[in-house]
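Accompanying notes for the structure given below.
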Amino acid sequence: MFISNITHFLDAEGNIAKEMNKQGRELSSFLALVVDIATKPPEEEDIELPCWKKNCNGTIEIQYIPEEFDVIDYWCTKCDNAGAISGWQNTKWDNRKK
C-alpha cells in the first residue's frame, strides 16, 4: 500500500516536478488523476481508471468521503495496488471548488 502526500511530487508552482525519474512522474500523474476523479462533481460521468501496474488488467476503485476523511483511498480490483493520498486539497486537481 502506498501512503502518498501529493505535495511531495510537486514543484513550487504546484505542477508535477520535472526533476523526477520516469517511475516517479508516472506515479505522480496517476495520483493526480485519482484526485481529479475523486473530487469531480457527482453528476459527471464515471471514469474507469485502469490499474497502472504492469501486466494488470484491473480497474482502480476510489473512495473519498468528504465529511469523514482528509485522504483519498484507492485500490485495484485485481492486484495489490492500493494507497491513500493526502495533501491533495487546493491542488490543481482538486475539483471541489470549480
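Here Val35 passes the criteria (1) free of Cβ contacts under 8 Å to residues at least 12 places away in the same chain; (2) of a type in the set (Val, Ile, Thr); (3) not in a loop (DSSP other than H, G, I, E, B) except the one numbered (1). Residues in the stretch 82-91: is at least one more than 22 Å from Phe9 (Cα to Cα) and of a type in the set (A, V, I, L, M, F, W, C)? No.
So, of the residues in the stretch 1-42 that are polar (S, T, N, Q) and within 15 Å of Gly83 (Cα to Cα), which turns out to be surrounded by the most Cβ atoms within 10 Å (Cβ to Cβ)? Even if it seems obvious, please write down each step before you answer.
Here is the first cut: in the stretch 1-42, the ones polar (S, T, N, Q) are 4-5, 7, 15, 21, 23, 28-29, 39.
Next cut, within 15 Å of Gly83 (Cα to Cα) only: 4-5, 28-29.
Numbers: Ser4: 21, Asn5: 14, Ser28: 19, Ser29: 13.
Checked the stretch 1-42; the qualifying residue surrounded by the most Cβ atoms within 10 Å (Cβ to Cβ) is Ser4.
Kindly indicate the residue of the stretch 73-98 that is surrounded by 17 or more Cβ atoms within 10 Å (Cβ to Cβ) and β-branched (Val, Ile, Thr) and also farthest from the chain's Cα centre (by Cα) among those meeting that condition. Result: Thr91. Taking the criterion of being touching an Asp or Glu at 6+ places or on another chain (Cβ under 7 Å), of a type outside the set (Ser, Thr, Tyr) and not in a loop (DSSP other than H, G, I, E, B), the residues of the stretch 73-98 that qualify are Trp75, Ala84. In the set (1) charged (D, E, K, R); (2) touching a residue at least 24 places away in the same chain (Cβ under 8 Å); (3) assigned to a loop (DSSP other than H, G, I, E, B), Glu26 fails one condition alone, (3). Being touching a strand residue (DSSP E or B) at 6+ places or on another chain (Cβ under 7 Å), exposed (fewer than 15 other Cβ atoms within 10 Å of the Cβ) and either at pLDDT below 95 or in a loop (DSSP other than H, G, I, E, B) (or both) narrows it down to one of Asp70, Asp46, so name that one. Criteria check complete, one pass: Asp70.
The values are calculated or read from the model by the stated rules, or taken from the named source; none is laboratory data. Quick caveat: nothing in here was measured; it's all calculated off a predicted structure. For neighbour counting, all protein chains shown are included, and Cβ atoms are generated from backbone atoms with ideal geometry for every residue, glycine included.
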